[in-house]
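The values are calculated or read from the model by the stated rules, or taken from the named source; none is laboratory data. Here the structure is a predicted model, which means the values were calculated and not measured. All Cβ positions, even for glycine, are placed from backbone atoms using ideal geometry, and neighbour counts span all protein chains on display. Quick note on the areas: whole protein, heavy atoms, side chains included, nothing else; ligands and nucleic acids left out. Shrake-Rupley method; radii C 1.70, N 1.55, O 1.52, S 1.80 Å.
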Amino acid sequence: MPFVYLISVLVLSISPSAARAQYSFQKLDVVEGWLIERRVDENQHLSCRASIEAGGTWFAARIHLDGSGEVIVPESVPAQNFTDEQLLAIRLAVSRCEKSILYFP
């Protein structure tokens, strides 16, 4: 009986963190040095984002694209130059990510 109780406690303690992880952003691809991530919510709605990994929080410490595809450089991060071709490839990757659950690089 104590073994069954222990298993029940473990399952209940893991479930909330598993549910949070289920709807968190997951790494999907790297394009031109940018990380493409996707989240699928409980209604199967796709949310995708692109950033340059640099540690810290996503909004405060990473160069990233905003909702309209413009490059955002946080104040604490040195600016970088990106070519039009690089930005086009990144925006296309985010667009492909958002269109279908199937993502092909």
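Across segment 24-87, the fraction of Cα-Cα pairs farther apart than 19 Å, rounded to a whole number, is 31%.
Each residue of segment 84-100 was assigned a 3J(HN,Hα) from its phi angle through the Karplus curve 6.51 cos²θ - 1.76 cosθ + 1.60 (θ = phi - 60°); the sequence is 4, 5, 4, 5, 4, 4, 5, 5, 5, 5, 5, 4, 4, 4, 7, 7, 8 Hz, with glycine and proline shown as x.
Place a +1 charge on the Cβ of each Lys and Arg in segment 41-105 and a -1 charge on the Cβ of each Asp and Glu, then give the dipole magnitude about the Cα centre in debye, rounded to the nearest 20. Write out the running numbers ahead of the final one.
Numbers: 5 positive and 9 negative charges, 31 e Å.
Here the size comes out at about 140 debye.
Extending 7 Å from Cα along the Cβ direction at residue 43 and again at residue 101 yields two label points whose distance is 1.7 nm. Surface composition of segment 21-105: carbon and sulfur make up 53 percent of the accessible area, probe 1.4 Å.
Near residue 87, once Lys and Arg are set to +1 and Asp and Glu to -1 for all other residues with Cβ below 10 Å from its Cβ, the sum equals -3.
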